[in-house]
Amino acid sequence: MSKEELVGAIAQKTQLTNEDAESALKAFLEVVTDELKNEDSECIKDFASFDVEDRKQ
């Protein structure tokens, strides 16, 4: 699923405009990213967990 498809699905499910759905998704991603900068992982109970990993280049 692309970001555009995800935004469209959120908009459809919530009856938000695509612009509002994209703003909500962007805010969510910023919150998770900010938390991951302070921690190596972030767990949102009953939803998802995110981990920071180093990649080989």
Protection proxy ranking, peptides 21-30, 37-46, 1-10, average beta carbon neighbours within 10 Å, highest first: 21-30, 1-10, 37-46
Note, ³J(HN,Hα) from phi for the stretch 4-14, Karplus 6.51, -1.76, 1.60, rounded to Hz, x at Gly and Pro: 4, 5, 5, 4, x, 5, 4, 4, 5, 5, 9
Reachable lysines, given that their alpha-carbon falls under 24 Å from the alpha-carbon of Lys3 and they are not under 8 places away in the same chain: Lys13, Lys26, Lys37, Lys45
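Which length gain, in nm to one decimal place, applies between Ser2 and Glu39 when the Cα-Cα distance is subtracted from 0.36 nm times their residue separation?
Gain in length upon complete extension: 10.6 nm.
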Aspartates and glutamates with Cα under 20 Å of Lys56, excluding same-chain neighbours fewer than 8 positions away: Asp40
Top positive-direction residue, dipole computed over the stretch 3-51 with Cβ charges, set Val7, Ser41, Leu25: Val7
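Based on Cβ point charges of +1 for Lys and Arg and -1 for Asp and Glu, what charge dipole magnitude is obtained for the stretch 3-51 about its Cα centre, in debye rounded to the nearest 20? Don't jump to the answer; show the numbers that get you there.
Values: 5 positive and 13 negative charges, 41 e Å.
Dipole size: approximately 200 debye.
Kirkwood Rh, Cα Rg: Rg to Rh for the chain? Don't skip to the answer; put the middle values down first.
Details: Rg = 13.7 Å, Rh = 12.8 Å.
Value, to two decimals: 1.07.
Taken together, the values in this text are just the output of simple stated rules run on the coordinates, not laboratory data. It should be emphasised that the depicted structure is a prediction, and the values quoted were computed from it without experimental measurement. Neighbour counts are summed over all protein chains in view; Cβ atoms, including those assigned to glycine, are modelled from backbone coordinates with ideal geometry.
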